[in-house]
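To start, the structure under review is shown below, and the notes come after it.
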Amino acid sequence: MALLEISALDAFYGDFQALFGASLRLDTGEALAVIGSNGAGKSTLLKALTGLLPARADAIRFDGAAIGGLPASEIMKRGIAMVPEGRRLFPSLSVEENLLIGGWGRTGTGHWSLESLYRLFPVLKERRHSPGTALSGGQQQMVAIGRALMSNPALLLCDEISLGLAPVVVRDIYGALPAIRAEGTAVVLVEQDIVQALAVCDRVICLQEGRVTLEGEPADLTRDAIQRAYFGR
Amino acid sequence: MTTLVDIVLQGVLLGGLYALFAAGLSLIFGVMRLVNLAHGDLIVLAAFLMLALTRVLGLPLPVAALLCLPLMFAIGYALQRLVLDPVLGKDILPPLLTTFGLSIIIQNGLLEGFSADSQRLSGGGVETLSLPLGGGLAIGLMPLLTFLAAILVIVALNRLFYATALGRAFRAVSDDPEIARLMGIDNRRLFAVAMGLALSVCAVAAFFLGMRSNFDPTIGPARLLFAFEAVIIGGLGSLWGTLAGGVVLGVAQTAGAALNPEWQLLAGHLVFLAILVARPRGLFPRATD
């Protein structure tokens, strides 16, 4: 059974329509890459999915229930956690408090706790009393991922986690993905870095101007097909 | 010399009352960036609530005061959910106007229900007791208790903010409401709890206000002004700063009154303005924002 099913989802910012009938399907434990250029609707898709943008109720089904348009806090409690673009740590909270707040709405039953996160990212344990925003970009990204994992979600959404980070740091961050997936967590990875995304995901969809223009498994897709879907040429 | 020590001592103790006025205001502004213009009137409302509980139900004052804590919490919770939530948004004007209207409604409602007569909460003689300190100095028991209550309230609020999960959520919502929602925090409910807490603090302030001086339905806005001045002098977002601000204001007013009774309020306002000019962000501004 599909964990997540999005069908014919439209999303709007006021009068501006940013998604046109987007559909996708994700199984339990699967990793899906969502690629596309700036303004293609990738972040919009995540915003609608997390409840930050209104959506038709049955356009988004999670775990068998229609969740489109529910309040963000309610959707999170059902097991969808988000690593937001730009990390968005809480500046007045320490590293440890940032992690703890991730478990406010739901602690779930699962592997992730302060201890297991400190095992995954040992550097965070050393810095746990520093303000979240005093860390380097890569470390902040680790906090943001850890914060989302604290709820032991069934589905983890990552919005541009490589953005603004040095390649060696990006490698570290992506190095944590297998450990996360090993717990059976499904992952949606929104990325502009296509090579990185294709390397770690089971399937990929490409968005262009609010529409899904390509879907498939990385091995089956040629560079030309991806380029056409990405740029529309 | 004795006079000088006396002025500072009485002023510091008066500052405790102003810090109590200000703590709730500071809390609400800190959590939801809402300036509550009805704050002073809500304090007066709590005082009349205590009065009604003692007169109508015949409850002893301490019982009535304690009962007012959960009552005011409930009023604050309902007020936030039913009245303030719908107007909270990106624009700061609608909530400001709403609390302004609320201020007028409370004043006139109290006038209707209790008349314009001056009232006071009677503690059966406790309010006039004083402790001699020697050397011709004495401090009133009520002012001392007020000051201790202010410290207690501020310690409790600080613990709540920095040592509990609820406080963590308050700070997270204050930092970034959108991301807080993604953490499963229902910020509407959290705001209602914050308003409930703030009005409970109002009840504490009301108890000491009513024990120390007369009150009538119209004195709310002046209490709001003192609360504002204490918060601004202390620096927005710092609870200990709010206590310091209250003390500065209290000492300034007491000193002014010692020079000439007519100068009490003026001296307070002048010191407030002077600090605003010299340190626009207050004495202990928060490092961020």
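Laboratory data are not the source of any read-out in this text; all were calculated from the coordinates shown. In this text, all values refer to a predicted model and were calculated from it rather than measured experimentally. Backbone-built Cβ (ideal geometry, glycine too); neighbour counts: all protein chains shown.
If R0 is 45 Å, the Cβ-Cβ spacing of B:MET1 and B:THR218 corresponds to a FRET efficiency of close to 0.70. When only Cα pairs below 8 angstrom with a gap of at least 6 residues are kept, chain A shows a relative contact order of 27 percent. Under 28 Å of direct C-alpha separation, and excluding same-chain neighbours fewer than eight residues apart, A:LYS42 reaches these lysines: A:LYS77, B:LYS90. Residues B:MET211, B:MET50, arranged from fewest to most other Cβ atoms within 10 angstrom of their Cβ, appear as B:MET211, B:MET50. Near the amide H of A:VAL83, within less than 5 Å, lie the amide hydrogens of A:LEU157, A:CYS158, A:ASP159, all on another chain or at least 5 residues away, with H placed in the peptide plane. What FRET efficiency do you get for B:LEU67 and A:SER7 if R0 is 60 Å and r is their Cβ-Cβ distance, rounded to the nearest 0.05? Taking R0 as 60 Å, the efficiency between B:LEU67 and A:SER7 is 0.65. Close amide H pairs (under 5 Å, H built 1.01 Å from N) link B:LEU121 with B:MET211, residues at least 5 positions away or on another chain. Net charge of the neighbourhood of B:MET211, taken over other residues with C-beta under 13 Å away and scored Lys/Arg +1, Asp/Glu -1, is +1.
Cβ under 11 Å from A:LEU93's Cβ, A:LEU93 left aside: what net charge do those residues give with Lys, Arg +1 and Asp, Glu -1? Result for the neighbourhood of A:LEU93: -1.
Shown in residue order for the stretch A:137-150 are the 3J(HN,Hα) couplings computed by the Karplus curve 6.51 cos²θ - 1.76 cosθ + 1.60 at θ = phi - 60°: x, x, 5, 4, 5, 4, 4, 4, 5, x, 4, 5, 6, 4 Hz (x for Gly and Pro). The mean count of C-beta atoms from other chains within 10 Å of the C-beta of residues in A:64-76, rounded to a whole number, is 3.
Kindly state, to the nearest 0.05, the FRET efficiency for B:LEU137 paired with A:SER116, given R0 = 51 Å and r defined as their beta-carbon distance. That pair, B:LEU137 with A:SER116, gives E of 0.25.
Computed over the protein assembly as shown, the per-residue total of -39500 (n - 2.57) for DSSP H runs of n ≥ 4 gives a 222 nm mean residue ellipticity of -17500 deg cm²/dmol, rounded to 500. The distance separating the Cα centre of the stretch A:20-68 from that of the stretch B:1-80 comes to 48 Å. Give me the aspartates and glutamates in straight-line cross-link reach of A:LYS125: C-alpha distance below 20 Å, same-chain residues under 8 apart excluded. Filter leaves A:GLU96, A:GLU97, A:GLU115, A:ASP172. Taking packing as the residue-averaged number of other Cβ atoms within 10 angstrom, the listed peptides B:149-156, B:29-36 run from highest to lowest as B:29-36, B:149-156. Computed over chain B, relative contact order equals 37 percent, with contacts defined as Cα pairs under 8 Å that lie 6+ residues apart.
Residues of the stretch A:63-95 with an amide N closer than 17 Å to a point placed 7 Å from the Cα of A:LEU163 along the Cα-to-Cβ direction: A:82-90. Bridges between two residues of the stretch A:2-231, per DSSP, are antiparallel at a rate of about 50%.
Converting phi to 3J(HN,Hα) with the Karplus coefficients 6.51, -1.76 and 1.60 and the offset θ = phi - 60°, the stretch A:68-79 yields x, x, 5, x, 4, 5, 6, 5, 4, 5, 7, x Hz in sequence order, with x at every glycine or proline. Shape class of the stretch A:88-195 from the alpha-carbon gyration tensor: oblate, with a/c at 1.5 or above and b/c at least as large as a/b. Each 10 Å bin, from zero up to the one with the longest distance, holds this percent of the alpha carbon pairs of chain B: 7, 28, 36, 22, 7, 1, 0.
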